[in-house]
Amino acid sequence: MTTAEGNKPQNKIRVPVRELAAAADPPEDLARGVSSRRRALAGIQEHVRLQSLRPQGWEHEVSVSLVVERETFCLEIFGRMDSLCQTGSGVIIEEIKTCARNPRDLSRSPSPAHLAQVKCYGYMTAVNRELEKVTLALTYARPADGETATWEKEFTTDTLAVFFNGLLSAYLAQLGTRRAWERIRNPSLQAIDFPYSGFRKGQRDLAESVYKIISNDRLLFARAPTGTGKTMATLYPAIKAMGLGHTDKIFYLTAKSPGRTVAQKAVKDLARSGARLRCVTITAKQKTCFTPDLPCDMDTCIYAKSYYTKLNRALKASGGCDFYDQAFIEETARKHEICPFEFSLDLSLISDIIICDLNYAFDPRVYLKRFFDRDQGRLTFLMDEAHNLPDRLRSMYSADLDRESVLGAQDILRDAVPALAKGLVDLQKEMVRLGRGNRFQALTDLPAPFMDALDAFADKAEIWLDSHQDAPLREQVLEIFYPVNGFLNLARHFGGHYRLFVQAPGGNDITIRLFCLDPAPIFSELIKRCASAVLFSATFFPFAYYQQVLFGDPASGPKPHFISLPSPFPRENFKLAVHTRIKTTYRMRGQFYRDVAKMIVHAAALRQGNTLVFFSSYAYMEAVLDLIDPEGLPGPIQIQSPSMDETRRREFLDNFTPGARITGFAVMGGIFGEGIDLEGDRLTTVMVVGVGLPQVNPEQEEIRAYYDAIFTGETGDGMDGFFIAYQMPGFSRVLQAVGRLIRNSTDRGLALLMDDRFVRPDYLSLFPAEWTGFDTISAPGHLAPILESFSGD
């Protein structure tokens with residue numbers, strides 16, 4: 001940007017040396033090394049060890065910066081050198097890089113990126129200290145055995161200047177391209193009006209709150225009922241904020257694939273209204289891979305070979321398009337023979353909106369390092385269906401190892417790679433020792449011998465993988481290395497909010513599980529990756545519960561703003577009834593199976609349209625189904641089964657047609673419990689049997705005990721271990737099930753809850769506002785008079 005008076009830069013842009021070095025020519029092919037968080041931690045320790053060995057006179061972690069002015073940009077290049085020494089003959093600058101391969105091989109042919117980094121440091125130091133020459137050193141170190149090797153060379157300042165200026169030109173070209181796009185994008189975003197004819201009830205309030213949150217780098221919890229138009233109410237103000245420079249990139253994060261589809265439609269609607277936006281959808285690698293039966297390497301897969309050579313052609317071919325969905329990515333990637341998943345990641349760098357799963361932002365094993373391991377400006381997170389976060393985060397921050405997998409890998413590697421097989425023998429012996437005589441244990445410490453065995457195998461496997469790029473058994477080694485490495489990466493978070501579960505039901509069946517009881521200590525740190533965040537859902541309440549499980553103690557954690565909106569739909573279109581005589585506790589439910597079956601048949605017969613009945617488990621559902629006479633129902637039955645594939649799910653829903661009288665049976669919290677839209681008389685009745693409590697098991701009991709200890713002696717806003725481990729997760733499933741019923745302003749429906757606990761004060765306090773004024777029944781015959789007063793029935 002230039003001033004009106006001349007060509008002086010308007011502002012200063014801070015650029016890390018690592019980012020500048022990335023402007024060097026990319027590698028010829030996709031990297032085949034094995035990266036890990038363990039390696040990064042070991043690298044830090046190795047840096048400290050090597051620095052401590054340097055003689056007196058060496059300085060360590062030396063900051064350096066250089067301001068460079070160009071016609072339209074003023075760049076402040078900054079970084080921190082590992083070591084520097086001023087000798088009588090000049091200055092030596094050293095960069096230390098850890099590796100798993102032989103350091104001597106690397107020192108003979110250093111990485112271009114490593115060379116670019118140390119050359120930048122050399123030039124910047126030479127300019128700042130007015131030196132004519134400088135000696136640069138790259139030391140490669142292997143933490144596993146302490147072996148090191150150093151590449152060293154003296155450069156004149158003039159030679160380094162040529163390199164630095166070439167690198168700077170490449171970076172400025174990228175920066176100029178980005179700024180040129182912003183000059184097109186920003187005016188269009190500033191000028192765009194709301195893309196629909198008007199705001200829905202509550203939609204403007206949410207949009208205004210989102211804009212203020214993003215403009216002020218804050219955090220928002222939003223409960224916005226179905227029909228509010230949450231997606232557009234968050235995306236529209238976010239892009240307006242982007243047009244005014246309040247955010248640089250928007251991540252629309254979803255827990256399930258239907259949310260991505262809705263977000264894509266909203267972006268297209270914004271584009272049709274005049275917004276110039278580049279948007280990419282990142283789909284999981286296993287869902288887009290063109291060669292799923294082949295090893296993922298450059299020699300076997302033509303889509304990985306010479307990836308970067310072909311990437312530029314693919315990017316140029318994408319220049320006329322701003323919307324990069326899965327279909328576009330796969331079509332373009334196939335045409336140019338490049339990996340579609342890697343292509344989507346490269347497109348994300350030039351995109352304004354990134355639509356992807358939550359795990360790409362918060363899972364320590366698969367998060368997008370290109371954004372979150374270096375400064376990429378002010379990021380905004382829009383998190384849809386945020387009620388799923390507690391369970392998703394616990395899953396992300398937990399890991400399993402089972403003895404059967406270790407034994408299988410051990411057998412495969414025994415003859416071909418005996419050193420790795422020996423490491424697996426040691427590991428499975430430690431697993432047996434932990435499981436001996438105990439069917440279940442919950443440990444509060446990580447056993448040192450077991451962790452040592454994991455570390456030893458991972459170290460050997462890393463070295464082997466880096467030095468055996470083309471080995472026939474490489475894929476088999478990776479199959480056991482990845483879970484071991486993932487376990488170790490998560491183990492670094494271990495503390496009071498974790499337990500190590502040892503499950504040994506018998507035989508060879510031993511599972512060691514690193515289980516996260518409380519995701520707040522990790523999530524509250526990772527949320528700092530963004531400048532602003534909006535967490536929203538139709539059932540995102542009570543806010544105190546989500547603040548506790550996501551951020552921990554309200555007094556010390558992040559302090560979100562809150563907004564809770566009323567339902568935009570006519571209250572008279574929704575009828576809620578609660579059957580107060582049926583008991584569904586595990587101890588009592590068997591006595592009421594027949595009552596539940598009679599109630600289902602009676603209610604389904606009274607109502608026109610289709611019905612969905614939700615149970616807390618498959619076993620409960622099957623017990624009631626055994627007592628239902630299909631002849632008593634007004635039409636065919638549809639039954640959810642475990643592990644339904646996409647085709648069978650679609651067939652299940654396709655049977656819910658207008659004018660039909662289907663009675664569907666499903667489980668709460670399952671594939672039909674949320675994220676489906678059956679409008680009109682495709683669904684007119686929802687029945688929920690039970691309060692949806694998770695099954696009592698050791699994991700849930702540990703969560704309960706953990707939070708009971710937290711809330712001991714405190715009010716906890718009415719919360720305790722049972723509420724967090726069982727009651728609220730269950731009631732969230734109930735809310736989602738009932739939420740399938742009214743999907744637009746003309747839908748009319750009956751929700752029938754069957755459980756006497758629903759009228760207890762602790763449950764009534766959780767009812768949303770639109771549930772007030774409900775009716776109670778205690779027998780099937782009580783329902784007809786209630787429906788008679790429900791206008792239109």
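The values are calculated or read from the model by the stated rules, or taken from the named source; none is laboratory data. Because the structure is predicted, anything quoted here is derived from the model rather than measured. For neighbour counting, all protein chains shown are included, and Cβ atoms are generated from backbone atoms with ideal geometry for every residue, glycine included. Please note that ligands, DNA and RNA were not included when accessible areas were found on the heavy atoms of the full protein model with its side chains. Shrake-Rupley method; radii C 1.70, N 1.55, O 1.52, S 1.80 Å.
Accessible surface comparison of Trp464, Trp58, probe 1.4 Å, protein chains only, largest first: the order is Trp58, Trp464. Report note on the peptides 604-613, 407-416, 131-140: ranked by the mean count of other C-beta atoms within 10 Å, highest first, their order is 604-613, 131-140, 407-416. Accessible surface of Thr125, taken over heavy atoms with a 1.4 Å probe and every protein chain present, rounds to 10 Å². Of the heavy-atom accessible surface of the range 643-738 (probe 1.4 angstrom), what whole percent is carbon and sulfur? The value for the range 643-738 is 45 percent carbon and sulfur by accessible area. Can you give me the distance in nm between label points at Arg414 and Asn165, each placed 7 Å from the Cα along the Cα-to-Cβ direction? Simple spin-label model gives 6.6 nm for this pair. Taking the average, over residues, of other Cβ atoms within 10 Å as the packing measure, peptides 575-581, 684-690 rank 684-690, 575-581 from highest down. Most simply put, the chain has about 40% antiparallel DSSP beta bridges, counting only bridges with both residues inside it.
Residue by residue, the range 361-367 carries 3J(HN,Hα) couplings of 9, 10, 7, x, 8, 9, 5 Hz when phi is fed to the Karplus relation 6.51 cos²θ - 1.76 cosθ + 1.60 (θ = phi - 60°); x denotes Gly or Pro. For Asn165, what is the net charge nearby, where nearby means another residue's Cβ is under 12 Å from its Cβ and Lys, Arg count +1, Asp, Glu -1? Its environment carries a net charge of +1.
For the range 200-216 versus the range 593-652, the spacing of their alpha-carbon centroids is 40 Å. Summarising the amide proton neighbourhood of Tyr196: residues at separation of 5 or more, or on other chains, whose placed amide H is nearer than 5 Å comprise an empty set. Each helix, a run of at least 4 DSSP H residues, gives -39500 (n - 2.57); summed and divided by the residues of the chain, these come to -12500 deg cm²/dmol at 222 nm. Subtracting the Cα-Cα distance of Ala327 and Thr585 from their residue separation scaled by 0.36 nm leaves 88.1 nm. Derived scalar couplings between HN and Hα for the range 98-115 equal 8, 8, 9, 7, 5, x, 5, 4, 5, 5, 6, 9, x, 4, x, 5, 5, 4 Hz in order, rounded to whole Hz, by the Karplus curve 6.51 cos²θ - 1.76 cosθ + 1.60 (θ = phi - 60°), x for Gly and Pro.
Apply 1/(1 + (r/R0)^6) to the Cβ-Cβ distance of Arg129 and Lys153, taking R0 = 25 Å, and write down the FRET efficiency to the nearest 0.05. My answer for the efficiency is 0.85.
For the chain, a crude dipole built from +1 on the beta carbon of Lys and Arg and -1 on the beta carbon of Asp and Glu, taken about the Cα centre, is about 1240 debye to the nearest 20.
Across the range 518-652, how many lysine pairs, 8 or more apart or on two chains, come within less than 26 Å at their alpha-carbon atoms? Eligible lysine pairs with Cα atoms under 26 Å apart amount to 4. Surface composition of the range 507-595: carbon plus sulfur atoms contribute 52% of the solvent-accessible area (1.4 Å probe, protein chains only, all chains present). Quick check for you: which residues of the range 334-376 have the amide N under 11 Å from the point 7 Å beyond the Cα of Arg18 toward its beta carbon? Only 369-376 fall inside the zone, counting backbone N under 11 Å.
For the chain, the solvent-accessible area works out to 43 Å² per residue, with a probe of 1.4 Å and every protein chain left in place. Each semi-axis of the equivalent ellipsoid for the chain is √(5λ) with λ an eigenvalue of the Cα gyration tensor; in descending order they amount to 52, 34, 24 Å. Dipole size of the range 41-138 about its Cα centre, with +1 on Lys/Arg Cβ and -1 on Asp/Glu Cβ: approximately 440 debye, rounded to the nearest 20. Multiplying the residue separation of Glu404 and Arg650 by 0.36 nm and subtracting their alpha-carbon distance yields 85.1 nm.
When the chain is described by a simple charge dipole with +1 on each Lys and Arg Cβ and -1 on each Asp and Glu Cβ, the residue from Pro634, Asn438, Phe774 located farthest towards its positive end is Phe774. Centre-to-centre separation between the Cα atoms of the range 664-690 and those of the range 301-376: 36 Å. Size estimate for the range 76-229 follows the Kirkwood approach: the inverse of mean 1/r over distinct Cα pairs works out to 20.4 Å. Leaving out ligands, DNA and RNA, what percent of the accessible area of the range 384-492 is carbon and sulfur, probe 1.4 Å? Solvent-exposed carbon and sulfur of the range 384-492 make up 49 percent of the total. What shape does the range 425-531 have by the C-alpha gyration tensor, where a ≥ b ≥ c are the square roots of the eigenvalues, rounded means a/c under 1.5, and otherwise prolate means a/b greater than b/c and oblate the rest? Verdict is oblate for the range 425-531. If you take the square roots of the eigenvalues of the alpha-carbon gyration tensor of the range 319-407 and sort them as a ≥ b ≥ c, do you get rounded (a/c under 1.5), prolate (a/b over b/c) or oblate? Cα axes put the range 319-407 in the oblate bin.
Applied to the range 484-494, the Karplus parametrisation 6.51 cos²θ - 1.76 cosθ + 1.60 on θ = phi - 60° returns per-residue 3J(HN,Hα) values of 5, 5, x, 4, 5, 4, 6, 4, 5, 8, 4 Hz, with x for Gly and Pro. Proximity of backbone amide H atoms, modeled 1.01 Å from N, is registered between Val91 and Thr135 at under 5 Å, excluding neighbours fewer than 5 places apart on the same chain. Taking packing as the residue-averaged number of other Cβ atoms within 10 angstrom, the listed peptides 779-789, 361-371 run from highest to lowest as 361-371, 779-789. Shape class of the range 224-336 from the Cα gyration tensor (axes a ≥ b ≥ c, square roots of the eigenvalues): prolate, since a/c reaches 1.5 or more and a/b is larger than b/c. Note on Ala705 and Gln190: their simple-model spin labels are 6.1 nm apart, each label 7 Å out from Cα toward Cβ. The simple spin-label model puts a point 7 Å past each Cα toward its Cβ; for Lys201 and Asp269 those points are separated by 1.8 nm.
Annotation: amide H of Asn508 has no partner in the under-5 Å range at sequence separation 5 or more or interchain, hydrogens built in the peptide plane.
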